[in-house]
Amino acid sequence: MPGAEAQWDARKGVLRIRESIVAAMQRGEPRARMTIANEIGHFAMRHSGARSRNDTQTTAGRLGLEAKKEESEARRFAAMFLAPNDLLSSTDTVEEIVDRFGLSFEAAMIRKGEFDAFQRRASGQRRELPSVVVDYLKAAQKRGMRLRTDLD
């Protein structure tokens with residue numbers, strides 16, 4: 001597994017994890033926990049082929065479209081696996097998610113955004129438009145452009 005921290009090989013049905021990653025996970029290091037959960041995600045979602053988590057970030061151009069989709073799915077699975085919806089609250093801050101679930105700040109930010117979106121959909125709320133978009137649409141209305149929206 002040169003250069004790979006972990007690898008799921010669907011053809012062989014084998015999950016390989018570098019010993020240093022297992023040791024880091026046991027120390028509670030967020031990246032190692034995410035690496036292992038990511039590979040479990042490939043297994044759980046029955047992704048095909050061989051997927052590796054490398055020491056360095058893979059450049060976007062090196063992965064095919066299907067592999068990119070599967071990597072995205074595995075990352076989302078990993079974040080939900082490590083910080084499940086039923087253990088989150090709408091009042092949780094990103095920092096609280098980092099502390100409670102051992103995620104990196106970046107992973108916790110993404111997880112918070114996904115959880116908030118889940119909560120909005122479950123309650124039937126629409127996502128608010130960013131203020132710059134609202135300002136742009138209001139200005140367009142003032143210039144006479146007809147919009148089908150309910151801007152205040």
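Any read-out appearing in this document is the output of simple, stated calculations on the displayed coordinates, not a laboratory observation. Because the structure is predicted, anything quoted here is derived from the model rather than measured. Note: ideal-geometry Cβ built from the backbone for every residue, glycine included; neighbour counts use all protein chains shown.
Quick notes on this structure:
- Take the Cα of K69, step 7 Å toward its Cβ, do the same at M145, and the gap between the two points is 3.3 nm.
- Cα centre as origin, Lys/Arg/Asp/Glu Cβ charges: segment 62-119 dipole, Debye: 240 debye
- Label sites at A122 and V22, each approximated as a point 7 angstrom past Cα along Cα to Cβ, lie 3.6 nm apart.
- As a length-normalised measure over Cα pairs under 8 Å and 6 or more apart, the relative contact order of the chain settles at 20 percent.
- Think of it as helices only: each DSSP H run of n ≥ 4 in the chain is worth -39500 (n - 2.57), and spread over all residues that comes to -17000 deg cm²/dmol at 222 nm.
- In the chain, Rg over Rh equals 1.11, where Rg is the alpha-carbon radius of gyration and Rh the Kirkwood radius from pairwise Cα distances.
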